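Laboratory data are not the source of any read-out in this text; all were calculated from the coordinates shown. From a predicted model like this one, the values you see are computed outputs, not experimental measurements. Neighbour counts are summed over all protein chains in view; Cβ atoms, including those assigned to glycine, are modelled from backbone coordinates with ideal geometry.
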Amino acid sequence: MMSLSMVHPSVHPIEAPPVTEHAVAMPRQTLEDTQGMPGTLGGFLLRFLQFSFALLSLSVMATTSDFPSVTAFRYLVAAVSLQSLWSLSLAVADIYAILVRRGYRNVRIVRLFSIGDGITSTLTFSAACASAGITVLIGNDLNDCAQNHCSRFETATAMAFMSWFAASPSFILNFWTLASK
């Protein structure tokens, strides 16, 4: 039988390495510095993708002459218009933060970004779902693609979904930052 005095710990404390210039030059990465957060290059790229896909969806839908006849398509145009304006304004804010090398650490700003991303991404997703339902109705159920612009409607809907896919990480990261403060 082994006594307690003979048990040795398997993990031994070690001394911290001395601080060097290399260690000072490379700060540890924190949650606020994660790529995709507001004020980072990853955040700017997400905003640029959101804006690009929303603008493509809006452009494709606007080139069709009969989109105003369907409420879901009008809703899609309104939602991606709002998404493109929101994403463009925050992309400009991200460019400014990158140029002055400052991140957004203010709780009020992060709350504004989180709420705005939540609203715009929800509107874009619901509009894309409604438009997808209408395109399926026109194409598969009514077999009326010959008289409608089914391929354009499908392309605009797909671009709206892609905009939502790019907006979701922004919302999640902003919400995470807000919840962790």
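May I ask you to derive the FRET efficiency for residue 102 and residue 129 from their Cβ-Cβ distance with R0 = 45 Å, giving the value to the nearest 0.05?
0.75
Over the range 115-181, what per residue volume does the convex hull of the Cα atoms give, in whole Å³?
64 Å³
Per-residue counts of other Cβ atoms within 10 Å, averaged by peptide: what ranking do you get for 90-97, 140-147, highest first?
The densest-packed peptide leads the list: 90-97, 140-147.
Roughly how many nanometres apart are two label points built 7 Å out from the Cα toward the Cβ at residue 141 and residue 63?
It works out to 2.8 nm between the two label points.
Spelling out what I want: for every residue of the range 49-55, take phi, set θ = phi - 60°, compute 6.51 cos²θ - 1.76 cosθ + 1.60 (Karplus), and round to whole Hz; glycine and proline get x.
5, 4, 4, 4, 5, 5, 5
Modelled label-to-label distance, residue 115 and residue 168, 7 Å Cα→beta-carbon offset: nm?
Those two pseudo-labels are separated by 2.5 nm.
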